[in-house]
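Q: Can you keep this structure in mind? I'll have questions shortly.
The values are calculated or read from the model by the stated rules, or taken from the named source; none is laboratory data. This structure is a prediction, so every number in the text was calculated from the model and none was measured. Note that each Cβ is placed from the backbone with ideal geometry, even for glycine, and that neighbours are counted across all protein chains shown.
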Amino acid sequence: MKRLMHDTGLIPESPSKDELAVLRSLVEGTARNTGQEFFQSLVCHLAAAVETRYAFIAEFVVAKRVRSLAFWCRDRIVDNV
């Protein structure tokens, strides 16, 4: 885990080329979308970036309650839960 310089006296590592490629893919994949389309595009690209079959993005509505904004299941967007 990277730590802030003032916490440990260490200089944080620079991002690797792979990390920059993932970030670039996320930005390019979501830049043209807004609203619900943005979250659906983001969850799709996040799942690909971390190589997982399932991913979701949610927001806290009230204490101990969340609402999903986008849900990626295997190879497509599915209804929010």
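Q: Does any residue in the stretch 57-72 that is free of Cβ contacts under 8 Å to residues at least 40 places away in the same chain and farther than 16 Å from GLN36 by Cβ come within less than 9 Å, Cβ to Cβ, of a residue that is among the acidic types (Asp, Glu) and assigned to a strand (DSSP E or B) six or more places away or on a different chain, and which pairs are these?
A: Here the result reads VAL66/GLU59, each pair linking the stretch 57-72 to a residue that is among the acidic types (Asp, Glu) and assigned to a strand (DSSP E or B).
Q: Can you name every residue in the stretch 64-76 that is modelled with pLDDT of 90 or more and either outside any strand (DSSP E or B) or surrounded by 16 or more Cβ atoms within 10 Å (Cβ to Cβ) (or both)?
A: Residues satisfying the conditions are LEU69, ALA70, PHE71, TRP72, ARG74, ASP75.
Q: Going through the stretch 32-81 one residue at a time, which ones are within 24 Å of LEU20 (Cβ to Cβ) and basic (Lys, Arg)?
A: Answer for the stretch 32-81, where residues must be within 24 Å of LEU20 (Cβ to Cβ) and basic (Lys, Arg): just ARG32.
Q: So, one more: Across the stretch 26-63, what is the number of residues that are surrounded by 14 or more Cβ atoms within 10 Å (Cβ to Cβ) and over 17 Å from ASP79 (Cα atoms)? Steps first, answer last, please.
A: So in the stretch 26-63, the residues surrounded by 14 or more Cβ atoms within 10 Å (Cβ to Cβ) come out as 26, 29-30, 38-49, 55-58.
Subset that is over 17 Å from ASP79 (Cα atoms): 26, 29-30, 45-46, 48-49.
Matching residues across the stretch 26-63 total 7.
Q: What tally of residues in the stretch 12-45 results from selecting those that are closer than 19 Å to SER68 by Cβ and charged (D, E, K, R)?
A: Final tally of qualifying residues: 1.
Q: Kindly indicate whether any position in the stretch 48-62 is in a helix (DSSP H, G or I) and on the phi > 0 side of the Ramachandran plot.
A: Step one: filter the stretch 48-62 for residues in a helix (DSSP H, G or I), giving 48-49.
Restricting the remaining residues to those that are on the phi > 0 side of the Ramachandran plot gives none.
For the stretch 48-62, residues in a helix (DSSP H, G or I) and on the phi > 0 side of the Ramachandran plot: absent.
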